[in-house]
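The values are calculated or read from the model by the stated rules, or taken from the named source; none is laboratory data. Remember, it's a predicted structure, so these values are computed and weren't measured experimentally. Note that we place each Cβ from the backbone using ideal geometry, even for glycine, and neighbour counts take in every protein chain shown.
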Amino acid sequence: MTHRPGGPGHLSGIGATALGVAVLRALESRRPDRLFDDPYAQLFLDASTWPAGPAESFLRTMSEQVAVRTRFLDDALLAATRGEHAGGRPGPEAACDQVVLLGCGMDARAYRLSWPAGTTVYELDLPDVLAFKGAVLAEHGATPACRRVEVAADLREDWPRALTEAGFGPSRPAAWLAEGLLYALPPAAADLLLDRVTGLSAPGSVLAVEHMEDSPLLRSARADVSRELVDMWQGGPAEPLGEWLTKRGWIATVRDLTEVLAEHGRTAPPAFDPAHPGSGRGRLATALVRVTSQSFSRGA
Ligand code: SAM
């Protein structure tokens, strides 16, 4: 991918995948029955020369997945910042006034969601990705709907330090987001990511996650875009998502993508439909570090 002459920047490699998601969010935003409205997605595309978008087969495979996951995760993060249990179960959860978008890419939630007053959204990604994004948003005079803090960091390095130096408070509950990220990590890197998130999560913290199993149909759709996109898939957690989270003390609610699609009246594409040979499962999860009465009385 190259950027348009005079535009704010150039993205390649893993960072360019963020623009692929923006293509899908821009498409969903044009639908009359859209599940969210992300006007920023098109701005990012206009600032790059993502020529005709990814291959048609990739768009067909991924458009409903991205639409539904975006809405599910919007709802989960807003619920966490309002102090509602993200899995829908009532509980004495403290509202999370800090949100961390891990590998945020072109995620424009800091701008497009109605955050409770006092919310800080930390956007963590590689420096070139944040530079591109920041330049586009500045060019259009976009104003965040929260306090937005950029954290330019590599998730393979000491990002917890960069995050806390940027003002994140590990003693207060946080809402975390891992979207479009886990499958790009080898199992050990996914474990390290979760261990670090867990280590920074006070009681009441919520983690919202999206994950996809690789499958022959998904691989073939990615191959239609590029060899690089095929190779980027590293699988993510070695265990089922629920076990992976529960083992580390999270109370997890894992949904199958097909259920969430059906709730929104959307049909599962073959790559995520278990009835189709060569399909795999998509998952959406929220998980909670339970607030104990003890942690409440300490005011944690
Ligand atoms: N979460 C965003 C969304 O769903 O719109 C972006 C998803 S995009 C597929 C993956 C993002 O993860 C990219 O923005 C990429 O730069 C970021 N990422 C991948 N590896 C990373 C690393 N080692 N450190 C920081 N960010 C990384």
Please indicate, with yes or no, whether at least one residue in the range 198-210 is more than 16 Å from the ligand (Cβ to nearest atom), modelled with pLDDT under 95 and of a type outside the set (G, A, S). yes
I'm trying to understand the selection: among the residues of the range 262-293, which are assigned to a helix (DSSP H, G or I) and crowded, with 22+ Cβ neighbours inside 10 Å? A271, F272
Within the range 236-251, count every residue that is under 16 Å from L182 (Cα atoms) and crowded, with 16+ Cβ neighbours inside 10 Å. 5
Among the numbered criteria (1) closer than 17 Å to R283 by Cα; (2) at pLDDT 95 or above, which one does T61 miss? (2)
State yes or no: is S201 outside any helix (DSSP H, G or I) and under 18 Å from the mean Cα position of the chain (by Cα)? yes
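On the given criteria, is A67 at pLDDT 95 or above, part of a helix (DSSP H, G or I) and closer than 21 Å to W176 by Cα?
Numbers: at pLDDT 95 or above: yes; part of a helix (DSSP H, G or I): yes; closer than 21 Å to W176 by Cα: yes.
Here the answer is yes, as A67 does meet what is asked.
Let's see how each residue does on (1) among the hydroxyl-bearing types (S, T, Y); (2) within 29 Å of D191 (Cβ to Cβ):
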{"site": "M106", "(1), (2)": "no, yes"}
{"site": "W115", "(1), (2)": "no, no"}
{"site": "V136", "(1), (2)": "no, no"}
{"site": "A145", "(1), (2)": "no, no"}
{"site": "P160", "(1), (2)": "no, yes"}
{"site": "L163", "(1), (2)": "no, yes"}
{"site": "S171", "(1), (2)": "yes, yes"}
{"site": "W176", "(1), (2)": "no, yes"}
If you go through the range 284-300, how many residues are more than 19 Å from G249 (Cβ to Cβ) and modelled with pLDDT of 95 or more? 1
V209 being within 21 Å of A95 (Cα to Cα), out of contact with any Asp or Glu (no Cβ under 6 Å at 6 or more places or on another chain), of a type in the set (A, V, I, L, M) and in a strand (DSSP E or B): yes
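Hey, can you tell me all the residues within the range 38-57 that are at pLDDT below 90, in a helix (DSSP H, G or I) and surrounded by 16 or more Cβ atoms within 10 Å (Cβ to Cβ)? Step through it out loud before you land on a result.
Pass one, the range 38-57, residues at pLDDT below 90: 48-57.
Next, only the ones that are in a helix (DSSP H, G or I) stay: 56-57.
Hit for the range 38-57 is S57, nothing else.
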